[in-house]
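Colleague: Quick one: this structure, given as structure tokens, is what I'll be asking you about.
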Amino acid sequence: MEKWWMIRAGDNNELIPIWKEKGIASIGWPQLGDPKDYQSKEEMRTKADNVYRDERPQSRNSWINQVWRFSREVKEGDKVISYSKEKREYIIGTVTEPHFYDKAEGNPNYPNTLRVKWEDSTVERDSLSQAAKNSLGSVLTVFRVDQWGEELGKLLKNPHTVPEDPNGEEEEEVVEDLVGKALVMIEDKVDKLDPWQMQELVGGLLQAMEYNVKVSPKGPDGGVDVLAYKDAFGFEKPVIKVQVKHRRNSASAPEIQQLLGANPIDANSLFVSTGGFTSHAEAVAKHNSARLVDLEELVGLVVQWYEKMPNDKRALLPLQKFYVPE
């Protein structure tokens, strides 16, 4: 199968003129030196941890993967595309010589280089299907775009081809996929909290809902981890008693019964279990009007109330907002 690669032309597309003039494509990270000098990614990672020590580990790992991919996986005959923001168009070319390292070939800050035969024609972004637009919009410097190769090839030959986007269904699917992936990533982050941090997170969620909250200190809690009141003294109803189980195993019926029997007896019962619940536990909860919340629902509630949670509780689970079209 023909391989297609997206390669970003610098931070602001400033490399496109020199790429077309020299017949090249190039990426940076010169502090790493020639990638071919490393026998493994681990060797490169050791170097990156030194020269980029002030950067986030996640960023360093991403950069290593992209440099490795560019230098080891892009082959002669592969297709390369890059995007010009100013012209809103993609340039397309074919690799004629795989990776070499040369600071004198183009911009010295982008010494990792391929030789590329660039096409004279370009593909306008507005000509692409919505799904292709979203996929090609990744912020990575080097990534595969094989699934859009056929569409790009057709548009290169016939720029007036109309993309198939029936009633915006593709855009809706892409947005749904983005939201789904984001929620799964948040679930993974929540899963890494320790049991005490999880109690604090649940307490912060109830604070966002305008409850006064008391989180039990470390140690035996008598079956109640969090108490939530509508007034500062705890006189006003409803009062909510909460048990939080942060583990892989499902919460059992006896654990639900323990919460129901804990003081205050007349409080509403909320049981949070990141491992879910057994069917017997669900039956006991339903019979006694106890509210059960699993990991998926907890994450949904946290996302919904996140901006109203206290700062110290949000610090347990740092999130950033992103916007998608309605």
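The values are calculated or read from the model by the stated rules, or taken from the named source; none is laboratory data. On a predicted model such as this, the values are computed, not experimentally measured, just so you know. Please note: Cβ atoms are built from the backbone with ideal geometry, for glycine as well, and neighbour counts cover all protein chains shown.
Colleague: Just the residues that are surrounded by 19 or more Cβ atoms within 10 Å (Cβ to Cβ) and acidic (Asp, Glu), please, taken from region 272-326.
Modeller: Residues satisfying the conditions do not exist here.
Colleague: Does Val239 satisfy the criteria of being at pLDDT below 95 and more than 23 Å from Gly180 (Cβ to Cβ)?
Modeller: When the stated conditions are applied, Val239 passes them.
Colleague: When region 201-227 is examined, which residues are found to be under 22 Å from Arg314 (Cα atoms), among the hydrophobic types (A, V, I, L, M, F, W, C) and touching a residue at least 24 places away in the same chain (Cβ under 8 Å)?
Modeller: Leu201, Val202, Leu205, Leu206, Ala208, Met209, Val226, Leu227
Colleague: Now a separate question. Tell me which helices (runs of 4 or more DSSP H) are completely within region 1-73 and hold 1 or more residues being more than 22 Å from Lys117 (Cα to Cα), over 24 Å from the mean Cα position of the chain (by Cα) and of a type outside the set (D, E, K, R), or say none if there are none.
Modeller: Details: elements: 16-22, 41-51, 57-72.
The qualifying helices (runs of 4 or more DSSP H) are 41-51.
Colleague: Moving to a separate point now. Across region 203-219, what is the total count of residues that are part of a helix (DSSP H, G or I) and either of a type in the set (Ser, Thr, Tyr) or over 9 Å from Lys308 (Cβ atoms) (or both)? Walk me through how you get there before you give the answer.
Modeller: Initially, region 203-219 is screened for residues part of a helix (DSSP H, G or I), giving 203-208.
When the remaining residues are screened for being either of a type in the set (Ser, Thr, Tyr) or over 9 Å from Lys308 (Cβ atoms) (or both), the result is 203-206.
Final tally of qualifying residues: 4.
Colleague: Same structure, new question: Being closer than 15 Å to Val80 by Cα and of a type in the set (Gly, Ala, Ser) is the requirement here; does Ser26 meet it?
Modeller: Taking the combined requirement at face value, the residue satisfies it.
Colleague: Pairs under 7 Å by beta carbon, first residue in the same structural domain as Arg72 (by TED's automatic domain parsing) and in a helix (DSSP H, G or I) in region 131-148, partner crowded, with 16+ Cβ neighbours inside 10 Å and of a type in the set (S, T, N, Q), six or more apart or different chains?
Modeller: Going by the 7 Å Cβ cut-off, the qualifying pairs are Trp148/Ser135.
Colleague: Here is a follow-up. State yes or no: is Lys87 of a type in the set (Lys, Arg) and in contact with a Pro (Cβ under 8 Å, 6 or more places away or on another chain)?
Modeller: No, not satisfied.
Colleague: Take the residues in region 86-110 that are farther than 18 Å from Asp37 by Cα and among the hydrophobic types (A, V, I, L, M, F, W, C), then tell me which one is surrounded by the most Cβ atoms within 10 Å (Cβ to Cβ).
Modeller: Ile91
Colleague: Also, quick follow-up: If a residue counts only when it is more than 25 Å from the chain's Cα centre (by Cα), which helices (runs of 4 or more DSSP H) contained entirely in region 256-326 have at least 2 such residues?
Modeller: Numbers: elements: 279-287, 295-305, 311-314.
In region 256-326, the matching helices (runs of 4 or more DSSP H) lie at 279-287.
Colleague: While we're here: In region 24-37, what residues are touching a residue at least 12 places away in the same chain (Cβ under 8 Å) and either under 23 Å from Trp148 (Cα atoms) or surrounded by fewer than 17 Cβ atoms within 10 Å (Cβ to Cβ) (or both)?
Modeller: Answer for region 24-37, where residues must be touching a residue at least 12 places away in the same chain (Cβ under 8 Å) and either under 23 Å from Trp148 (Cα atoms) or surrounded by fewer than 17 Cβ atoms within 10 Å (Cβ to Cβ) (or both): Ile24, Ala25, Ser26, Ile27, Pro30, Gln31, Gly33, Asp34, Lys36.
Colleague: Taking interchain pairs and intrachain pairs at least six residues apart, which have beta carbon atoms under 9 angstrom, with the first residue in region 38-53 and among the small types (Gly, Ala, Ser) and the second part of a helix (DSSP H, G or I)?
Modeller: Pairs found: Ala48/Gln31; Ala48/Leu32; Ala48/Arg60; Ala48/Asn61; Ala48/Trp63; Ala48/Ile64; Ala48/Val67.
Colleague: Separate question: Being within 20 Å of His246 (Cβ to Cβ) and either among the polar types (S, T, N, Q) or without any contact (Cβ under 8 Å) to a residue 24 or more places away in the chain (or both) is the filter here; which residues of region 267-291 pass it?
Modeller: Ser269, Ser273, Thr274, Thr278, Glu282, Arg291
Colleague: Is it true that Tyr83 is buried (at least 19 other Cβ atoms within 10 Å of the Cβ) and either under 20 Å from Glu2 (Cα atoms) or hydroxyl-bearing (Ser, Thr, Tyr) (or both)?
Modeller: Numbers: buried (at least 19 other Cβ atoms within 10 Å of the Cβ): yes; either under 20 Å from Glu2 (Cα atoms) or hydroxyl-bearing (Ser, Thr, Tyr) (or both): yes.
So Tyr83 fits the description; yes.
Colleague: Checking Ser71 against (1) crowded, with 18+ Cβ neighbours inside 10 Å; (2) under 19 Å from Asn13 (Cβ atoms); (3) at pLDDT 90 or above: exactly one of these is not met. Which one?
Modeller: Going through (1) crowded, with 18+ Cβ neighbours inside 10 Å; (2) under 19 Å from Asn13 (Cβ atoms); (3) at pLDDT 90 or above one by one, Ser71 breaks only (2).
Colleague: Out of all the residues in region 248-260, which are under 17 Å from Val226 (Cβ atoms) and surrounded by fewer than 21 Cβ atoms within 10 Å (Cβ to Cβ)?
Modeller: Step one: of region 248-260, the residues under 17 Å from Val226 (Cβ atoms) are 251, 255-256, 258-260.
Selection gives Glu255, Gln258, Leu260.
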